Amino acid sequence: MAALLLTGILLMLSTGGIVRRFEALTRASKRMQQGDLDVRLGGEGVDEIGQLIGTFNRMAESVRVNVERARENEARFHAIADYTHDLEFWLSPEGGLLWVNPSVERMLGYSIDECMGQMNFPTDLIHPEDRAAADFQLRQALRGTSGQGYTFRICRKDGGHFWAVVNWQPIHSHSGVYQGIRASIHSIDDLKATEANLRQAIGELHAAESLQRRYRQEAEQEHARLVSLLSAMNLGILFVAADGRVIYHNPTFSRVWLIEEGAALIGLPINEVLGKSASTLARPDHFSRHLLSVLEARESSDSYEIQMTDGRVINELDYPVRDREGRFIGHLWIYEDITRERQTAEQLVYLG
């Protein structure tokens, strides 16, 4: 019985904190989806939720860095240089390749001569599933428009491919004659991997949130069953924490001790709770010493009979309560009014 009661209490105490941390992760994920790249969460730690928070913060930082890196490419549009890190090229107004930098060999595996010999660079190198949409975008760009952030997959000579983002702007001569477009292709494989990891993490968060919701519902149902069971018992149940304050009591406890129904007892010291009893102890000094010794002890004690001035006899049993790691967390007291049993026993002795 004590184990069931402890399980219900521990589940109630732990669920709220777990749910709040998952709700904070969910809100932070939504903020990132809305474009807030600076969102970060506190509460990293060694537990599973703390590790998940740490992973989220690292991914958020990686996303922010990669997005800023992509935006920085815009500043390079007006500088035509052979040895830039990204793949740079110049297309004529008709779409012919006029120039490509040496980075094409590092990124795609093709030499400059091979690229210059292709009639439809870079369209022929775009992944077949993305080619139609990219070709339409290229025709729009060749009309003299500028653009940035268009993503597609581009194929390497070895048969592999990677995700890339392209930025472009029109080029004009000093006299204003349109000369074609200058474009820059930048690999965003790391960003895509980060986005995929983030989506997976968000999915795991949603799954964890759903699981925790189910656990909370089960805990609430279990708690309701425990409360119903304890409320229906003819034994008085009292749980006192390690600091001597009442954590739980059932209605029978109040009836045994003649405490007014509905009195607020939770959180009060045990001696103050028992002081609310309408019944008077026959030997208060003995009971005070007994109560002090029980609170100081952390082992089960023998049953103890409490004599009341109104003639009633209450039997008390004390059990220490420990958590899964064996740490002492309080006492479980069970009270039973055995007045009638004592009277019956005395009558039997008299008649004998």
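The values are calculated or read from the model by the stated rules, or taken from the named source; none is laboratory data. Note that this is a predicted model, so its numbers are computed, not measured. Cβ atoms come from the backbone with ideal geometry, glycine included; neighbour counts cover every protein chain shown. Ligands, DNA and RNA are stripped out before the accessible areas are found, and what is left, the full protein with its side chains, is counted by its heavy atoms. Shrake-Rupley method; radii C 1.70, N 1.55, O 1.52, S 1.80 Å.
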Provide the solvent-accessible area of ARG69, counting protein heavy atoms only and rolling a 1.4 Å probe, rounded to the nearest 10 Å². 100
Would you kindly derive the ³J(HN,Hα) couplings of segment 299-307 from the backbone phi angles with the Karplus curve 6.51 cos²θ - 1.76 cosθ + 1.60 (θ = phi - 60°), listing them in order in whole Hz, with x for Gly and Pro? 10, 5, 10, 5, 4, 10, 9, 10, 8
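For GLU209, GLU105, give me the order by solvent-accessible area with a 1.4 Å probe, most accessible first, ignoring ligands, DNA and RNA.
Working: GLU209 50, GLU105 110 Å².
Sorted by accessible area, descending: GLU105, GLU209.
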Accessible-area value, GLU260, 1.4 Å probe, nucleic acids and ligands omitted, Å²: 140
Around ALA133 (Cβ within 13 Å, Cβ-to-Cβ, excluding ALA133; K/R +1, D/E -1) the net charge comes to 0
Just going by the charge dipole of segment 122-264, with Lys and Arg at +1 and Asp and Glu at -1 on Cβ, which of VAL256, ALA164, ALA132 is farthest out on the positive end? ALA132
Could you pull out every residue, at least 5 positions away or on a different chain, whose amide H is within less than 5 Å of the one on HIS127? Hs are placed 1.01 Å off N in the peptide plane, and Pro or chain starts have none. ARG153, ILE154, CYS155
In whole Å, how far is the Cα centre of segment 251-310 from that of segment 154-227? 62
Magnitude of the Cβ-charge dipole (Lys and Arg +1, Asp and Glu -1) of the chain about the Cα centre, nearest 20 debye, reported as 600
For volume of the Cα convex hull per residue in Å³, one of (1) 211; (2) 170; (3) 143 was computed from the structure I shared and the rest are decoys. Which label? (1)
Ranking by accessible area, most exposed first, for LEU142, LEU351, LEU317 with a 1.4 Å probe: LEU351, LEU317, LEU142
Would you please classify the overall shape of segment 211-312 from the alpha carbon gyration tensor, given that a ≥ b ≥ c denote the square roots of the eigenvalues, rounded means a/c under 1.5, and beyond that prolate means a/b larger than b/c while oblate covers the rest? prolate
With springs only between Cα atoms under 10 Å, which of GLU296, GLU61, GLU195 fluctuates most in a Gaussian network model of the chain? GLU296
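With a 10 Å radius around each residue's Cβ, average the other Cβ atoms per peptide and rank 212-220, 232-240, highest first. Write out the running numbers ahead of the final one.
Numbers: 212-220: 14.2, 232-240: 18.2.
The most tightly packed comes first, giving 232-240, 212-220.
Test of understanding: express the Cα radius of gyration of segment 103-184 as a ratio to 2.2 N^0.38 Å, with N the residue count.
Computed over Cα atoms of segment 103-184, the ratio equals 1.14.
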Can you list the HN-Hα couplings for segment 270-287, worked out from phi with the Karplus curve (6.51, -1.76, 1.60; θ = phi - 60°), rounded to whole Hz and with x for Gly and Pro? 4, 5, 6, 5, 5, x, 7, 5, 7, 9, 9, 5, 6, 10, x, 5, 5, 5
For THR151, THR84, give me the order by solvent-accessible area with a 1.4 Å probe, most accessible first, ignoring ligands, DNA and RNA. THR151, THR84
